[in-house]
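Participant: Here's a structure for you.
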Amino acid sequence: MALPLNRPGRAAGSLDLRQLAAFHRVATLRSFTKAAAELNYAQSSVTSQIKNLEASLGVDLFERSRGQVRLTPAGEQLAPYAERILALVDEARERTAGWAEPAGLLSVGAIESLVSYRMPPVLEYFHHQFPLLRLSLRAAPGGQIREALRQGTLDLGVFMDARTEHSGLRTEVLRDEPLVAIAAPGHPLAGACGLATEDLVSSPILVPEPGACYRGLLEAELAGSAGRSASTLLEFGTVEAIKRGVAAGLGVSVVPEFAVADGLAAGSLVALDWPVPFTVRTQIAWRRSRQVSRSMRAFVEQTTAASALCPTSAPAAAPASQRRKRTDRILRCL
């Protein structure tokens, strides 16, 4: 499909949707290589489409120097129009009879623990139900996900945070996420009753990489109650590495309960009697100004349903009828 373009003093050209899609991804990702990978094109094909678009418009859209890609002033002007045109095309397809199935590329960011323990059922559902949809899932810290949403390099983000309002984003809370303090069965604190924050200081504390919301909350709690310096914490990166370190007796940790449910059930880990004094929530978010596509709607709906069905030690989950009403409320906000 090509859109005619006529301007005084210029030869008639056309705006091809494939060229616009290639331009939009390069403009968003600032990389021809990454754009080609997301679009499932050869890089030479993306370069050719950009050159053809530039020839059609009679302007340069990108500046390329020292491996960096930047938009020219003309490219900056075209970028918002390209996003609006592509969004309108998607909307037209969705509303046209016979185009009911989500298709194309959907880029989703999620924090590492959710990718490992919560997202597989959602990915399996999309793989079987929507074969025309290509789902790109990237693991990243919550802060990076939110910034990528604002910049347009991700369509949706799933993360945990204590805050539920984020600048420039529409956010829906999926659930409160129980946190638990854990140790090895033979640890001195295992089996002790009524532990206080000061008791945790007697042991090394294993934490994830910077950027995990509950790490910052834990550090603040330790500093406020016991004066413990963050430099004495043992940084283990991922939740899986923390689980192994704790099971080996290297210290204690505070992590999402869903990520250690298997270890607690198997007896390689034990929950400490320390009530975690802060709360985090699993949330799904998208850029506030973003036109929500059918693919995004489908992902929000399935992720909401999957989250509601996950087991938890928190108060019992709402009945199915209430979960359906909650999902409907979220979708009406899209």
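The values are calculated or read from the model by the stated rules, or taken from the named source; none is laboratory data. This structure is a prediction, so every number in the text was calculated from the model and none was measured. As a convention, Cβ positions derive from the backbone with ideal geometry for all residues, glycine included, and neighbour counts pool all protein chains shown. Ligands, DNA and RNA are stripped out before the accessible areas are found, and what is left, the full protein with its side chains, is counted by its heavy atoms. Shrake-Rupley method; radii C 1.70, N 1.55, O 1.52, S 1.80 Å.
Participant: Inside the stretch 254-281, can you point out the residues that are open to solvent by 40 Å² or more (accessible area, probe 1.4 Å), more than 20 Å from Pro188 (Cβ to Cβ) and not charged (D, E, K, R)?
Facilitator: Result: Ala261, Ala265, Ala266, Pro277, Thr279.
Participant: Go through Phe159, Phe126 for me and flag whichever is buried (at least 19 other Cβ atoms within 10 Å of the Cβ), of a type in the set (Phe, Trp, Tyr) and over 30 Å from Asp16 (Cα atoms). Even if it seems obvious, please write down each step before you answer.
Facilitator: On the way: Phe126 fails: over 30 Å from Asp16 (Cα atoms).
Within the list Phe159, Phe126, the selection yields Phe159.
Per-residue answers, yes or no, for (1) under 18 Å from the mean Cα position of the chain (by Cα); (2) in a loop (DSSP other than H, G, I, E, B):
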position	(1), (2)
Ile145	yes, no
Gly157	yes, no
Arg163	yes, yes
Glu172	yes, no
Arg175	yes, no
Pro185	no, yes
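Participant: Is there a residue being closer than 21 Å to Ser295 by Cα and surrounded by 17 or more Cβ atoms within 10 Å (Cβ to Cβ) anywhere in the stretch 52-69?
Facilitator: No, because not a single residue in the stretch 52-69 is closer than 21 Å to Ser295 by Cα and surrounded by 17 or more Cβ atoms within 10 Å (Cβ to Cβ).
Participant: How many residues are open to solvent by 80 Å² or more (accessible area, probe 1.4 Å) and in contact (Cβ under 8 Å) with a residue 24 or more places away in the chain if we restrict to the stretch 70-87? Even if it seems obvious, please write down each step before you answer.
Facilitator: As a first pass, look at the stretch 70-87 and keep what is open to solvent by 80 Å² or more (accessible area, probe 1.4 Å): 70, 73, 76-77, 81, 84.
From what's left, in contact (Cβ under 8 Å) with a residue 24 or more places away in the chain: 70, 84.
Total meeting the criteria: 2.
Participant: Here is a follow-up. Being in contact with a strand residue (DSSP E or B) (Cβ under 9 Å, 6 or more places away or on another chain), in contact (Cβ under 8 Å) with a residue 40 or more places away in the chain, in a helix (DSSP H, G or I) and not aliphatic (A, V, I, L, M) is the filter here, so list the residues in the stretch 14-42 that pass it.
Facilitator: Hits for the stretch 14-42 are Phe23, Glu38.
Participant: Please go through the stretch 237-253 and pick out each residue that is in contact with a strand residue (DSSP E or B) (Cβ under 8 Å, 6 or more places away or on another chain), open to solvent by 10 Å² or more (accessible area, probe 1.4 Å) and closer than 21 Å to Thr197 by Cα.
Facilitator: Lys243, Leu250
Participant: Give me the strands (runs of 3 or more DSSP E) completely within the stretch 43-123, filtered to those with at least 1 residues that are of a type in the set (Gly, Ala, Ser) and closer than 16 Å to Phe299 by Cα, ordered by residue number.
Facilitator: Output list reads 104-110.
Participant: In addition: If you check Leu195 against the conditions, is it farther than 18 Å from Leu233 by Cα, in contact with a Phe, Trp or Tyr (Cβ under 7 Å, 6 or more places away or on another chain), part of a loop (DSSP other than H, G, I, E, B) and not aromatic (Phe, Trp, Tyr)?
Facilitator: Details: farther than 18 Å from Leu233 by Cα: yes; in contact with a Phe, Trp or Tyr (Cβ under 7 Å, 6 or more places away or on another chain): yes; part of a loop (DSSP other than H, G, I, E, B): yes; not aromatic (Phe, Trp, Tyr): yes.
Criteria met by Leu195.
Participant: Among the residues of the stretch 276-283, is any within 24 Å of the chain's Cα centre (by Cα) and under 30 Å from Arg93 (Cβ atoms)?
Facilitator: yes
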